[in-house]
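See below for the structure under consideration.
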């Protein structure tokens, strides 16, 4: 029987705190018979999305969506993570409130592979997240990591470790190593069960989203209404005496933003916009853009 495998994607520096925590998780999983492979994003060529929309334009025309960037390693990274592994543990540092640029570049390049392999939206695999920050400016980090993971994995556990700066300093943070080991054990155990039984086992708060389990919430208008900015799950804040809580919309929990239904609705909207542009608006936009092409003192180093 083929040994099950976790792909560990490290977006921080080699031998850094995020890698230490990831390896503790993988070593704990290894003791339960689960193999692993580690990808160091910082050692590879990682370029940002150009926003050219070639992939979505191709999809809208019934063609195979492909990324125009061919001279880096992001396609290989995404294929390993999204198509080959039986589970994912993603580890990324926080430099300034959010995960670092290596992660963001990889995350924003996933669309062509997802459009070509929409079966990954069925979420038949499990995943975990590790975020490491040098201070307490980390609140959006796990929510932003979930933007990547929630497309194709069932979240089992996630941890935010703070006040780890220099490489190895995480080893002196009480409880950090044991918590990483627990994450690895939880991922490994979930991999041996039917995916229908996979459940989130990490920490929660009274304000945690029931899907990504982050508590960074968007208030669109009334103070009694909240929305998870990651999952688009809506909730109503209710109070009883001195206690407050959130009643979450059950339909949104069943079909959040990154469910198969939610993604296909979004893709349909993109297709409609592209078709409208090419059929009705293209010539007008080309003419209207002339003054912007001709204006501006563009400087370079």
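The values are calculated or read from the model by the stated rules, or taken from the named source; none is laboratory data. Remember, it's a predicted structure, so these values are computed and weren't measured experimentally. Positions of Cβ are backbone-derived with ideal geometry, glycine not excepted, and every protein chain shown enters the neighbour counts.
Out of all the residues in the stretch 6-37, which are in a loop (DSSP other than H, G, I, E, B), within 19 Å of residue 126 (Cβ to Cβ) and touching a strand residue (DSSP E or B) at 6+ places or on another chain (Cβ under 7 Å)?
Start the filter on the stretch 6-37 by keeping residues that are in a loop (DSSP other than H, G, I, E, B), which leaves 11-16, 31-34.
When the remaining residues are screened for being within 19 Å of residue 126 (Cβ to Cβ), the result is 31-34.
Result: 34, single match.
So, of the residues in the stretch 145-161 that are touching a residue at least 60 places away in the same chain (Cβ under 8 Å) and in contact with a helix residue (DSSP H, G or I) (Cβ under 8 Å, 6 or more places away or on another chain), which turns out to be nearest to residue 16 (Cα to Cα)?
First pass over the stretch 145-161, keeping only residues touching a residue at least 60 places away in the same chain (Cβ under 8 Å): 146-147, 149-153, 159, 161.
Among the residues that remain, those that are also in contact with a helix residue (DSSP H, G or I) (Cβ under 8 Å, 6 or more places away or on another chain) are: 147, 151-152, 159, 161.
Numbers: 147: 23, 151: 27, 152: 27, 159: 16, 161: 13 Å.
Checking each candidate, the answer is 161.
All but one of (1) closer than 14 Å to residue 112 by Cα; (2) assigned to a loop (DSSP other than H, G, I, E, B); (3) in contact with a strand residue (DSSP E or B) (Cβ under 8 Å, 6 or more places away or on another chain) hold for residue 3, so report the exception by its number.
Evaluating residue 3 over (1) closer than 14 Å to residue 112 by Cα; (2) assigned to a loop (DSSP other than H, G, I, E, B); (3) in contact with a strand residue (DSSP E or B) (Cβ under 8 Å, 6 or more places away or on another chain) leaves (1) as the failure.
Which condition from (1) at negative phi; (2) surrounded by fewer than 19 Cβ atoms within 10 Å (Cβ to Cβ) is the one that residue 62 breaks?
(1)
What residue, among those in the stretch 205-215 that are at pLDDT 95 or above and out of contact with any helix residue (DSSP H, G or I) (no Cβ under 8 Å at 6 or more places or on another chain), is nearest to residue 6 (Cα to Cα)?
It comes out as 213.
So residue 164 clears everything in (1) in contact with a helix residue (DSSP H, G or I) (Cβ under 8 Å, 6 or more places away or on another chain); (2) surrounded by fewer than 19 Cβ atoms within 10 Å (Cβ to Cβ); (3) part of a loop (DSSP other than H, G, I, E, B) except one condition, right? Which one?
(2)
Regarding the stretch 24-47, can at least one residue be identified that is surrounded by fewer than 14 Cβ atoms within 10 Å (Cβ to Cβ), without any contact (Cβ under 8 Å) to a residue 24 or more places away in the chain and either under 30 Å from residue 274 (Cβ atoms) or in contact with a helix residue (DSSP H, G or I) (Cβ under 7 Å, 6 or more places away or on another chain) (or both)?
Looking through the stretch 24-47, none of the residues is surrounded by fewer than 14 Cβ atoms within 10 Å (Cβ to Cβ), without any contact (Cβ under 8 Å) to a residue 24 or more places away in the chain and either under 30 Å from residue 274 (Cβ atoms) or in contact with a helix residue (DSSP H, G or I) (Cβ under 7 Å, 6 or more places away or on another chain) (or both).
Picking from 196, 225, which residue would you name as being under 22 Å from residue 129 (Cα atoms) and surrounded by fewer than 19 Cβ atoms within 10 Å (Cβ to Cβ)? Can you show your working first?
On the way: 225 fails: under 22 Å from residue 129 (Cα atoms).
Testing whether each residue is under 22 Å from residue 129 (Cα atoms) and surrounded by fewer than 19 Cβ atoms within 10 Å (Cβ to Cβ) leaves just 196.
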